[in-house]
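Right, one structure below, let's go through it.
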Amino acid sequence: MASQAAKDWVLAIDGSQRDDPLVILVSTGGEVTWSAPSQVAAPVLVGTVRAALLGYRDRVGSVVAVRGPGSYMGVRSGLAAGLGAAQSLGCPLVLVGSLEVVAAQVDPSEEGVLALADAGRGGTFGQEMVRELGSRTTGRWQAGGCARLLGRESPWPDAWAELGLVVGAPGAGRQLPEGTNSISPMRDRQMALAWVVSAGLVPISGYDQVTADYAEPVGAR
């Protein structure tokens, strides 16, 4: 049986995209040491997490779960699976935003970016991201504001247009404003999630602090 000191892998779960959930194991150096086979991963997250723990529970020392925004059922399933895994292992649990993972597809820079994701039904999730300094890596993106939900009929917010740099996609039927520069990803979602996980995240203070982020509608007070 592995010693407590050997529990240096992180179990990371992202159910925000219901048709493309991610369940991976990440080493302290940010290497993906295990990822769910496609025939297991879509779309049942709980069974996928169980498969990871059956083979590697003696190596898992913490759990990271994506809290949203994203698919309602996907986010809830991912949080439930992450909470169950952390409780069964008695280990720390960290929550991260899905748009932080989107932003991690590109390297942090001095300029802020707008991270976007398809919200379905013509909607768009968006969140301003700024570079965090002082992390254990060369830097990572952190939220510069809350995640917002832009409805299908809503105009592009002025605050979003001011950023100019975008990573991610606004979703079907939505065009980016003229003059907006879309950044080509350097990493796929799996590698972006591993990048976030390896940045030295702070666990939540207790399992009862698990909450989902459903995004605030644009224009809401």
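Annotations
- Test result for Ala104, surrounded by 17 or more Cβ atoms within 10 Å (Cβ to Cβ), within 23 Å of Gly78 (Cβ to Cβ) and at pLDDT 95 or above: yes
- Which listed residue is at pLDDT below 90, closer than 15 Å to Ser98 by Cβ, surrounded by fewer than 22 Cβ atoms within 10 Å (Cβ to Cβ) and not charged (D, E, K, R), from Leu149, Leu201: Leu201
- Selection status of Arg221, modelled with pLDDT under 90 and charged (D, E, K, R): yes
- Within region 66-85, residues that are under 18 Å from Arg50 (Cα atoms) sit with their Cβ atoms under 8 Å from residues that are of a type in the set (S, T, N, Q) and not in a helix (DSSP H, G or I), at 6+ positions apart or across chains, in these pairs: Val66/Ser16; Gly74/Ser16; Gly74/Gln17; Val75/Ser16; Gly78/Ser16.
- Residue in region 47-56 that is at pLDDT below 95, more than 20 Å from Ser198 (Cα to Cα) and assigned to a loop (DSSP other than H, G, I, E, B) present: no
- Scanning region 66-80 turns up one or more residues that are closer than 30 Å to Gly151 by Cβ, basic (Lys, Arg), in the same structural domain as Gly200 (by TED's automatic domain parsing) and more than 12 Å from the chain's Cα centre (by Cα).
- Single residue of region 188-216 satisfying the filter (in a loop (DSSP other than H, G, I, E, B) and small (Gly, Ala, Ser)) that is nearest to Glu128 (Cα to Cα): Ala215
- Ser184 vs. criteria within 18 Å of Glu111 (Cβ to Cβ), loosely packed, with under 13 Cβ neighbours inside 10 Å and among the polar types (S, T, N, Q): yes
- Cβ-Cβ under 7 Å pairs, at least 6 apart or on other chains, region 149-167 side assigned by TED's automatic domain parsing to the domain that holds Tyr72, far side of a type outside the set (Asp, Glu): none
- If you go through region 181-208 and keep only what is among the hydroxyl-bearing types (Ser, Thr, Tyr) and in contact with a Leu (Cβ under 8 Å, 6 or more places away or on another chain), you end up with Ser182, Tyr207.
- Cross-chain or 6+ apart pairs with Cβ under 7 Å, region 89-104 first and without any contact (Cβ under 8 Å) to a residue 40 or more places away in the chain, then surrounded by fewer than 24 Cβ atoms within 10 Å (Cβ to Cβ): Leu89/Arg57; Leu89/Val60
The values are calculated or read from the model by the stated rules, or taken from the named source; none is laboratory data. Keep in mind that what you see is a predicted model, and the values were worked out from it rather than measured. Here the Cβ is made from the backbone with ideal geometry for all residues, glycine too, and neighbour counts use every protein chain on show.
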